[in-house]
Amino acid sequence: MIGNRPADPGVHAAMKRTAPGLFVVLAVILAACASAGGSPGASETDAGGSAPPGASGGTGGTGGIEHPTAADEPILIVEDAGGFVMPQMIATRVPTFALYGDGRVIMQGAQTLQFPGPALPPLIERTMTEEGIQAVLEAVEDTNLFTGDLELRGAMNVVADATDTVFHLNANGDEVTVTVYALGMLDPALGGNFENIDQAEIDAHAVLSQFRDALMTIDTAVPADAWEAEGWQPFTPTAFRLYVRDVTGEPIEGGELPGVVREWPLPDEDPATFGEEVPVFGDGTRCGVVEGEDAATWFTELSVSTQQTIWTSDGENRFTVLPRPLLPGEEPSCDQEIVAG
């Protein structure tokens with residue numbers, strides 16, 4: 001279980017009042033699931049046994065749910081994994097929601113319809129108070145689905161080539177991972193034959209789908225005083241994975257337009273030998289990591305580039321670059337697993 005309820009009923013009530021929007025949404029859906037027979041616990045569908053030990057670090061919360069307090073230590077990460085998409089798309093995905101020990105929330109901002117799109121995803125950040133953190137953790141606990149590692153894959157019976165939604169939770173000294181295939185697709189309102197899927201799993205989909213949606217619209221799920229300050233700010237990465245491919249001799253989409261071709265920003269780095277080859281890409285793409293001042297230089301360049309920008313170091317050899325901003329606590333390496341559906 002994520003954590004015991006606070007012994008002091010006044011503390012418990014205060015945390016309940018912290019985020020009425022988030023809790024009202026979950027309360028309604030949980031009540032509906034309970035009347036239908038409840039949601040599955042980890043003991044019913046757990047594929048990995050008991051949850052692994054929690055990571056080291058301080059804890060937060062006075063009488064509430066304990067959690068890491070380090071700025072680079074995640075409390076809750078929500079991300080997509082797998083699916084029937086190109087390896088390049090999987091490699092450059094960023095989490096849809098990330099909450100860290102110091103209260104910082106990093107998530108994706110508004111997407112534009114411009115073409116070609118910007119080179120970097122529109123990541124934004126804002127810092128929660130301890131009361132805001134407790135509101136999120138209380139909502140997690142109220143789902144009753146984070147009692148241990150859990151995989152829900154019943155939707156494979158009715159949906160093909162979908163992604164997994166993965167929730168990584170670190171609280172009360174435990175690390176729990178909940179993985180849901182095709183989250184949101186087991187909605188009876190969408191139609192379909194769900195006879196081969198347990199009702200408990202259908203209920204769990206409803207709960208987790210509502211919880212994810214609340215996180216994606218967290219401004220309306222928690223009150224204004226759950227935040228340290230008003231307004232979201234752009235997130236500035238301090239490190240990147242860069243996926244570089246030699247496209248010398250290939251035609252440039254859009255032609256020789258201003259800004260389409262830019263100079264490789266690090267003159268001491270040869271793009272032809274940058275990083276190590278990524279075999280799963282199958283096209284000679286190489287991956288390398290930039291940090292510190294080099295990352296700052298790349299951030300400046302990528303901020304004024306598009307997904308079709310071509311990079312050159314000598315005016316002749318040309319390269320594409322797919323950036324993956326690294327979030328706090330992520331390993332500055334290219335060793336991550338890239339698995340397509």
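The values are calculated or read from the model by the stated rules, or taken from the named source; none is laboratory data. If you're wondering where the values come from, they're calculated on a predicted model, not measured in any experiment. Every residue, glycine among them, receives a Cβ derived from its backbone with ideal geometry; neighbour counts consider all protein chains shown. For accessibility, only protein heavy atoms count, side chains too; no ligands or nucleic acids. Shrake-Rupley method; radii C 1.70, N 1.55, O 1.52, S 1.80 Å.
Entry remark, region 191-231: residues being assigned to a loop (DSSP other than H, G, I, E, B), surrounded by 15 or more Cβ atoms within 10 Å (Cβ to Cβ) and in contact (Cβ under 8 Å) with a residue 40 or more places away in the chain number 4 in total. Selection within region 259-273: residues that are over 22 Å from residue 116 (Cβ atoms) and among the charged types (D, E, K, R). The member of this set that is surrounded by the fewest Cβ atoms within 10 Å (Cβ to Cβ) is 268.
Among the residues of region 130-151, how many are more than 20 Å from residue 199 (Cα to Cα), of a type outside the set (Gly, Ala, Ser) and open to solvent by less than 20 Å² (accessible area, probe 1.4 Å)? Within region 130-151, residues that are more than 20 Å from residue 199 (Cα to Cα), of a type outside the set (Gly, Ala, Ser) and open to solvent by less than 20 Å² (accessible area, probe 1.4 Å) number 7. For residue 79, state whether it is under 26 Å from residue 328 (Cβ atoms), open to solvent by 30 Å² or more (accessible area, probe 1.4 Å), touching a residue at least 12 places away in the same chain (Cβ under 8 Å) and touching an Asp or Glu at 6+ places or on another chain (Cβ under 8 Å). Criteria not met by residue 79. Looking at region 127-146 only, could you name the residues that are part of a helix (DSSP H, G or I) and of a type outside the set (Val, Ile, Thr)? Correct list: 130, 131, 132, 134, 135, 137, 138, 139, 141, 142. For residue 124, the criteria (1) under 30 Å from residue 245 (Cβ atoms); (2) open to solvent by 10 Å² or more (accessible area, probe 1.4 Å); (3) assigned to a loop (DSSP other than H, G, I, E, B) hold in every case but one, which is (3).
Which residue is nearest to residue 96 (Cα to Cα), if the candidates are limited to region 176-190 and must be hydrophobic (A, V, I, L, M, F, W, C) and open to solvent by 60 Å² or more (accessible area, probe 1.4 Å)? Result: 185. Of all the residues in region 152-175, those that are in a strand (DSSP E or B) and crowded, with 17+ Cβ neighbours inside 10 Å number 10.
Give me the residue from region 299-341 that is crowded, with 17+ Cβ neighbours inside 10 Å and charged (D, E, K, R) and, out of that set, farthest from residue 84 (Cα to Cα). Out of the qualifying residues, it is 301. Against the criterion of being touching a strand residue (DSSP E or B) at 6+ places or on another chain (Cβ under 7 Å), open to solvent by 30 Å² or more (accessible area, probe 1.4 Å) and more than 19 Å from residue 76 (Cα to Cα), residue 246 qualifies.
Mind checking whether some residue in region 274-289 is open to solvent by 30 Å² or more (accessible area, probe 1.4 Å), over 17 Å from residue 91 (Cα atoms) and either not in a helix (DSSP H, G or I) or not charged (D, E, K, R) (or both)? The answer is no, given that none of the residues of region 274-289 is open to solvent by 30 Å² or more (accessible area, probe 1.4 Å), over 17 Å from residue 91 (Cα atoms) and either not in a helix (DSSP H, G or I) or not charged (D, E, K, R) (or both). In region 306-323, the count of residues that are more than 16 Å from residue 119 (Cα to Cα) and at pLDDT 95 or above is zero. Could you please find all residues in region 93-121 being buried (at least 19 other Cβ atoms within 10 Å of the Cβ) and either part of a loop (DSSP other than H, G, I, E, B) or small (Gly, Ala, Ser) (or both)? Matches in region 93-121: 94, 95, 98, 101, 103, 120. Does residue 237 fit the bill of being at pLDDT 90 or above, in contact with an Asp or Glu (Cβ under 6 Å, 6 or more places away or on another chain) and assigned to a loop (DSSP other than H, G, I, E, B)? No: the conditions fail for residue 237.
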